[in-house]
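The values are calculated or read from the model by the stated rules, or taken from the named source; none is laboratory data. In this text the structure is predicted, and so the values were computed from the model without any measurement. Here the Cβ is made from the backbone with ideal geometry for all residues, glycine too, and neighbour counts use every protein chain on show. Heads up: the accessible areas ignore ligands, DNA and RNA and are worked out on the full protein's heavy atoms, side chains in. Shrake-Rupley method; radii C 1.70, N 1.55, O 1.52, S 1.80 Å.
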Amino acid sequence: MSYIRTALLAAAVVVFLPFTAQAQLASSDAAAFIGTWELGLDTPQGPMAMNLSLKDVDGKVAAEISAPPMLPDVQKISDVSKDGTGVLLKYMLEAQGMQIPTKILLAPAGDGKWTANFDFMDGQFTVQGT
């Protein structure tokens, strides 16, 4: 009986592990991005600002994003990775009861400027930001 329980537990871990694993970027690999950002977006509904915070938590990058008053609740982003010279953040945007897969790519644009490119619903809607 104990063997069966152990086997079932091991099978459950193997099945669900890919869904819970998230990238944890070392803070030292994202030093230029650590801090508070106000991301300006030009959407079809008009301009919008999102507040993004990237912090060092135990040597790893932790991120949070909000967009008051449209999205007043702070949402945590735990999937942060390097993408070329930029940083890629992936999370589920919670808006009006919907879960929207979202990616944000922060990348240097030269002359001390940065870009923030948003990808919603796996490319169905993209927005270029600053």
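In whole percent, and with a 1.4 Å probe on the protein chains, what portion of the accessible area of the stretch 37-130 is carbon and sulfur?
53 percent
Roughly how many Å² is the accessible area per residue of the stretch 80-130, as a whole number, for a 1.4 Å probe?
Per residue, the stretch 80-130 has an accessible area of 58 Å².
Classify the stretch 55-130 from the C-alpha gyration tensor, please: rounded if a/c falls under 1.5, else prolate or oblate depending on whether a/b exceeds b/c.
Cα axes put the stretch 55-130 in the oblate bin.
Mind giving me the nanometre distance, one decimal, between the label points for Met48 and Ser28, set 7 Å out from Cα along Cα→Cβ?
3.8 nm
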